[in-house]
Amino acid sequence: MIIRFLFLFLILGIILFFNLCLGEIVLSPIQVLQTVFPQFFPANSIDIGIIDLFWQIRLPRIFAAFIVGAALAVSGFLLQTLSRNELADPYLTGVSSGAGLAVAIAIILGMNFSLLPIIALSGGLLASILVAGMAHIPGGISITKLLLAGIAISAIASSIITLILINSNTTSSAQGLFLWLAGSIAGKSWDEILPSSIYTSLGIFAAFVMSKAIRLLNLGTQIAASLGLNVAISQWTILFIAAILCGTSVALAGIVGFVGLIGPYLARYLFGNNERILIVVSAIIGGILVLISDLAARTLGQGQELPLSTLLSLFGGPFFLILVLKQRGENI
């Protein structure tokens, strides 16, 4: 276990270093070290432009990527626990689409971008309440109804977003909405990252607090109830936490798919079934996935950035199909 953790942190460190060095402007390892540890280098050896690039553009972008990945992966882990299905993620349950629709409406209405985190959280929470309300049965939430209602809400929200795009009065608003929907963390400032980091930290801490309830729910709702767990309250609380984490991600980076599916699955495969360990590992793996995708987005394009969500879908789509085929084989 310790060796696996060390290997995971080694991969994270390598990816972080590559993200610091590579981009439209390539920084050498020496330039990075000069910027991070200026006390060890003569003052005239440090370029002011490189300092600004490092601290105001590249480092905020890395923080944003990790926050988005961690939030989505832990949200996916919670939803997979709630549904007892490793194929569940924030998009399947409608949480992400609800947050996306709320932000799409806000962008078209010209609302202040500083309000987007609150708007996304509100949209995600509203979608989760609608889905959970439709899936509510005496004694808890029906897993089948939850997934079906989530798919329906996602389809409706996606259709409304498409109509908003088609009927947008201004080209700039439509273009801004399209780019945001494609997923991107380009140009994020520390002011935008701060509230998202707070919401993500609170959400992950709340997931830790619910770890005992998560362990009992993994045994099944009837067994959990017989062991004294209030199943309905626990399910609603987990759904609420997942909505907060997903809404935070959507507000910061737009629609980014498959991280909530891949992160928890790889965490279980590598580290077993300890809930608290899985929460931490899911967050780290999710951060690594988005960091790798963002690095590819800003280095593979010919003079322009590639959509973050598109790159993740190219990898996540086949991964999802493999899981579907694996489950089908198991059921047979």
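Every read-out reported here was derived from the displayed coordinates using simple, explicitly stated rules and does not represent laboratory data. None of the values given here were measured: they were computed from a predicted structure. Virtual Cβ from ideal backbone geometry, glycine too; neighbours counted across all protein chains shown.
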- Query: Hey, what angle do you get for helix 143-166 against the long axis of the chain, alpha-carbon based, 0 to 90 degrees rounded to 10?
  - Reply: 50 degrees
- Message: On the Cα set of the chain, report Rg and Dmax in Å, please.
- Response: 20.5, 71
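With a 10 Å radius around each residue's Cβ, average the other Cβ atoms per peptide and rank 306-318, 277-289, 155-167, highest first.
Values: 306-318: 18.1, 277-289: 24.2, 155-167: 14.2.
Ranking, from highest mean packing down: 277-289, 306-318, 155-167.
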- Note on the structure: Rounded to 0.05, the calculated FRET efficiency for the beta carbons of Y269 and K212 at R₀ = 25 Å is 0.60
- Task: Grab the Cα-Cα distance for I3 and I160, subtract it from 0.36 nm times how many residues apart they are, and report the gain in nm with one decimal.
- Result: 51.7 nm
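When a footprinting reagent is the concern and you count Cβ atoms within 10 Å, what order do Y269, Y199 take, fewest first?
Details: Y269 9, Y199 23.
Result, fewest neighbours first: Y269, Y199.
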- Query: If you take the Cα atoms of region 51-118, find Rg, then find the Kirkwood Rh from the mean of 1/r over all pairs, what is Rg/Rh?
  - Reply: 1.10
- Query: Within region 46-71, what residues put their amide N at less than 14 Å from the label point 7 Å along the Cα-to-Cβ vector of I30?
  - Reply: 46-47
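Per DSSP H run of n ≥ 4, the term is -39500 (n - 2.57); total these for the chain, divide by its residue number, and report the mean residue ellipticity at 222 nm rounded to 500 deg cm²/dmol. Walk me through the intermediate numbers first.
Numbers: 15 runs with 246 residues, N = 332.
After summing the helix terms and dividing by residue count, I get -24500 deg cm²/dmol.
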- FRET efficiency for L321 and I151, Cβ-Cβ distance as r, R0 = 22 Å, nearest 0.05? 0.80
